[in-house]
Amino acid sequence: MKRFTVLFSFFVLAFAIGAGTLSLRLVQAQGRGRGNSPEAQAAREKQLALEKATPQLQITEEVLPLSIPGHTMGETEGVSKNSKGHLFVYSRTGTGGSARGGTAAELFEFDDKLKFVKLWGPDNYAASFAHSVRVDKYDNVWMVDEGSNMIVKFDPAGMVKMVLGRKPEAIDYLEEYVERGEKNENRHPAGTMGTFNRETDVTWDSKDDIYVSDGYNNSRVVKIRKDGTWLKAVGAYGSGPDQFNTVHGIATDAQDNVYVADRGNRRIQVYDSDLNFKKTIAVVGAPWSVCTTKGPTQYLYSGDGNGKIYKVDLNGKLLGWAQTSLGHGQTSCLIHEIHCDSDTVIYKGDCSTWTVEKITVKGGS
């Protein structure tokens with residue numbers, strides 16, 4: 001009888017997981033359906049007309065020969081570099097499940113010669129479903145994990161120095177949604193202080209305060225003091241002022257302006273360092289990831305999942321664009337995160353080709 005109970009519980013769990021996966025796919029399919037609405041089609045046509053009137057950047061693409069001894073690189077969701085030229089890749093790979101206790105995410109480091117260095121934070125509790133990685137000006141490495149709702153700060157030696165957010169208890173998930181069959185009907189709840197809900201990216205201002213794009217379920221931007229104290233959050237689900245539809249990336253400039261990739265609304269919303277709205281940039285298609293360059297004249301780069309990269313000045317004028325990732329056998333999620341190495345060198349990771357690319361911008365059309 002005991003064995004039967006165990007087997008029955010196993011099949012119930014397997015069915016629930018399968019049903020959850022199916023539900024997720026249906027939601028994703030519905031999202032794609034909304035992308036074919038008359039409004040969405042009009043927005044795409046407007047963007048294509050703008051691109052036709054804008055110089056196409058000349059670029060070269062180099063797929064980096066990254067390899068890990070005895071292991072396979074997965075989806076290269078996050079890419080970033082430190083001051084020594086070392087490349088960090090946060091990848092959806094591993095031996096476990098994708099969330100709620102799973103470990104299907106690993107953070108890899110490669111040196112300036114692209115030789116594998118090490119795995120960061122092996123078997124850590126927050127590595128569940130990779131989304132992005134960023135390196136700050138002190139060479140601290142920040143791992144942003146969408147599945148665990150957590151951000152982990154590693155110092156340059158790889159020691160954990162700060163943990164933001166917390167993964168929902170696996171036992172609570174099983175009890176609520178498997179044993180009791182409860183349902184979560186609110187896909188876009190109002191976020192609470194201290195926790196994320198599928199956050200996507202992180203950046204910092206000149207005072208080292210932290211800004212988080214949060215994210216898929218929450219629809220907001222969060223400001224956190226450098227010591228980890230939560231200060232402010234702005235945003236709700238929608239398409240109006242201070243509203244977001246899939247907050248997918250974030251970056252700052254030298255004046256501490258905050259650029260928020262509002263992917264579902266096909267715009268970048270710009271805020272000051274106290275999260276007061278300043279303006280909207282709507283010349284970059286659907287922004288999946290954003291980054292700003294360094295130097296006396298800064299530029300904003302934005303990447304669309306269709307593989308297009310856009311170069312914009314900080315006033316919001318589109319200066320040029322380029323199509324990347326052709327001939328890889330994939331047609332979507334061709335850009336997931338971009339890292340601005342300089343005015344003319346961009347690194348990108350994606351969730352379809354399992355590669356990291358170095359993209360060099362050579363000039364105008």
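The values are calculated or read from the model by the stated rules, or taken from the named source; none is laboratory data. Computed from a predicted structure; not experimentally measured. Cβ: placed from backbone, ideal geometry, glycine included. Neighbour counts: every protein chain shown. Surface areas here come from the heavy atoms of the whole protein model, side chains and all, with no ligands, DNA or RNA. Shrake-Rupley method; radii C 1.70, N 1.55, O 1.52, S 1.80 Å.
A few remarks follow.
- When only the Cβ of Lys, Arg, Asp and Glu is charged (+1, +1, -1, -1), the dipole of the chain relative to its Cα centre reaches about 480 debye.
- Our coupling estimate for segment 287-296, obtained by passing each phi through the Karplus curve with A = 6.51, B = -1.76, C = 1.60 and θ = phi - 60°, is x, 8, 8, 9, 7, 10, 7, 9, x, x Hz, Gly and Pro reported as x.
- Rg/Rh (Cα only; Kirkwood hydrodynamic radius) as it applies to segment 75-167: 0.94
- Under the combined filter of DSSP loop state and at most 12 neighbouring Cβ atoms within 10 Å, segment 244-324 retains these trypsin sites (Lys or Arg not before Pro): 317.
- Using θ = phi - 60° and Karplus 6.51 cos²θ - 1.76 cosθ + 1.60, couplings along segment 184-197 (whole Hz; Gly, Pro as x): 9, 8, 9, 6, 10, x, 6, x, 10, 5, x, 9, 10, 9
- Between 51, 176, 75, the residue with the greatest mean-square fluctuation in the GNM of the chain (Cα pairs under 10 Å linked by springs) is 176.
- With a cut-off of 15 Å on the backbone N, the residues of segment 275-294 near the modelled label site 7 Å out from residue 242 along Cα-Cβ are 275-279.
- The Cα center of segment 173-214 and the Cα center of segment 38-95 differ in position by 25 Å.
- With all protein chains kept in place, the per residue accessible area of the chain amounts to 48 square angstrom at a probe of 1.4 angstrom.
- Each eigenvalue of the Cα gyration tensor of segment 314-365, multiplied by 5 and square-rooted, gives one semi-axis; in descending order these are 21, 12, 11 Å.
- Residue (of 289, 306, 257) at the positive-pole extreme of segment 203-314, dipole from beta-carbon charges: 306
- Each principal axis of the Cα cloud of segment 114-189 was evaluated for its coordinate range; sorted largest first, these ranges are 47, 24, 23 Å.
- Computed on protein heavy atoms with a 1.4 Å probe, the accessible areas place 95, 355 in the order 95, 355, largest first.
- Beyond 32 Å, the tail of the calculated P(r) for the chain holds 30 percent of the Cα pairs.
- Sequence-distant contacts, meaning Cα pairs under 8 Å at least 6 residues apart, place the relative contact order of segment 197-290 at 21 percent.
- Residue among 39, 185, 199 with the largest mean-square fluctuation in a Gaussian network model of the chain, springs linking Cα atoms under 10 Å: 185
- With a threshold of 22 Å on the Cα-Cα distance, the over-threshold entries among 308/348; 279/358; 167/358 are 279/358; 167/358.
- Residue 177 accessible area, 1.4 Å probe, all protein chains in place, Å² to nearest 10: 80 Å²
- With respect to the chain, whose longest principal axis is taken over its alpha-carbon atoms, helix 38-52 is tilted by about 40°.
- Dipole of the chain, positive end: most advanced residue of 193, 126, 239 [Cβ charges, Cα centre]: 239
- Checking the Cα-Cα distances for 52/278; 52/294; 46/317 against a 22 Å cut-off, the pairs over it are 52/278; 52/294.
- Kirkwood hydrodynamic radius (C-alpha pairs) into Stokes-Einstein, segment 108-240, 25 °C and 0.890 mPa s, D in µm²/s: 153 µm²/s
- FRET efficiency, 1/(1 + (r/R0)^6) with R0 45 Å, evaluated for residue 179 and residue 60 via beta carbons: 0.25
- Accessible-area composition of the chain, carbon plus sulfur, in percent [1.4 Å probe]: 53 percent
- For residue 197, the amide hydrogen comes within under 5 Å of the amide hydrogens of 218, counting only partners 5 or more places away or on other chains and with H modelled in the peptide plane.
- Candidates 158, 181, 307, ranked by Gaussian network fluctuation over the chain, Cα under 10 Å, top entry: 181
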